[in-house]
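The values are calculated or read from the model by the stated rules, or taken from the named source; none is laboratory data. Here the structure is a predicted model, which means the values were calculated and not measured. So basically every Cβ, Gly included, is an ideal-geometry build from the backbone, and we count neighbours across all protein chains shown. The protein model used for the area step is the full one, side chains on, heavy atoms only, and it has no ligands, DNA or RNA in it. Shrake-Rupley method; radii C 1.70, N 1.55, O 1.52, S 1.80 Å.
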Amino acid sequence: MTLSSHFIKEQAAQIGFSACGLAKARPVDEATADGYRQWLAQGAHATMGYLADHVDKRLDPTLLLPGAQSIIVVALNYAPATHFPPGEYQLAAYALGRDYHDVLKARLRQLAAQCLPAEAETKVAVDTVPILERYWAWQAGIGFLGRNHQLIIPGAGSMLFLGEIVTTAAFDAYDAPQPCRCGSCHRCIDACPTGAITIQCSMFNAYRCLSYQTIENRGPLDDDVKDKLGTTIYGCDRCQQACPWNREAQPTDIAELQPSASLLGMTRDDWHRLTLEQYQQLFRGSAVKRAKYEGLMRNIRAVEAGT
């Protein structure tokens, strides 16, 4: 049985996804596989050992789900509609609302239930499954791979969550990759305060990235990292803020992705006095819990010392 690609894209739009595309399930191309292995061999993934786990499945989704024929890729806009006041401490835009894993998974399961036959095997993926998300979003034709290592959708920018449904179902049409449209622009490289992004797109250094340092790094922050934090205590959006494609991004209207009034009302003094109990209440169901209380307070102290 061959399914309608047009129908699933219509349903994805009705559910609220910003984009939906389809790619045939198969191993990634040789250049991507070689580049990923080289990136790991250089240790550019820092302490994120999980990125070196299940490399075979990460490079071949048919090992993730035997018999897989298709990968349905969706994007969900998270560009913020509201911001912290200037001068107050900042969080990366993706973490302002509810945990995106929960928001995306619920919608992906809804899409699969509405569009895929009961006999089709499926696996829903939202970055906790070993799959090269941005590669498959590119293969599914929903955007191009930008110099900032983000998927960029013309007209929507790069502030997008990605999710996939790997399935044994087949479709009547599949999408084609888009060519990179960064041209000679290198504003993201210029905006990166630590040099994590270079003109060689494959050479992204996770250890130098402020998002890695403030979220994944469990150790102390280096002095040069502390000096570059500015007022951001969780994550970093500078490469995205500098990207001209994000000028076209429209603020998300998804209720779960909006920040709470209590979060937006936090002042510097509130952050400095934040207790573990307050942290747990403020970030219940939030991606910020990834950094843990100790990590967030480490970041707050570092920003306080630098400002």
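Miscellaneous remarks
- Selection of segment 67-96 for residues being open to solvent by less than 40 Å² (accessible area, probe 1.4 Å), within 14 Å of residue 160 (Cβ to Cβ) and not in a strand (DSSP E or B) yields 78, 79, 80, 92, 93.
- Residue in segment 118-131 that is part of a helix (DSSP H, G or I), closer than 29 Å to residue 36 by Cβ, within 16 Å of the chain's Cα centre (by Cα) and not hydrophobic (A, V, I, L, M, F, W, C) present: no
- Output for segment 56-66, where each listed residue is part of a loop (DSSP other than H, G, I, E, B) and free of Cβ contacts under 8 Å to residues at least 12 places away in the same chain: 66
- Given (1) within 30 Å of residue 2 (Cβ to Cβ); (2) open to solvent by 20 Å² or more (accessible area, probe 1.4 Å), index of the condition residue 47 fails: (1)
- Candidate set from segment 103-116 (those that are in contact (Cβ under 8 Å) with a residue 24 or more places away in the chain, over 23 Å from residue 250 (Cβ atoms) and open to solvent by 30 Å² or more (accessible area, probe 1.4 Å)); member that is farthest from the chain's Cα centre (by Cα): 114
- Residue count, segment 146-174 (criterion: open to solvent by 10 Å² or more (accessible area, probe 1.4 Å), modelled with pLDDT under 95 and over 16 Å from residue 78 (Cα atoms)): 2
Conditions (1) in contact with a Cys (Cβ under 8 Å, 6 or more places away or on another chain); (2) among the polar types (S, T, N, Q); (3) open to solvent by 30 Å² or more (accessible area, probe 1.4 Å), marked per residue:
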position	(1), (2), (3)
183	no, no, yes
186	no, no, yes
192	yes, no, no
197	yes, no, no
203	no, no, yes
213	no, yes, no
218	no, no, yes
221	no, no, no
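- Any helices (runs of 4 or more DSSP H) falling wholly within segment 229-307 and containing at least 1 residues that are in contact with a Lys or Arg (Cβ under 6 Å, 6 or more places away or on another chain) and either open to solvent by less than 20 Å² (accessible area, probe 1.4 Å) or without any contact (Cβ under 8 Å) to a residue 12 or more places away in the chain (or both): 292-306
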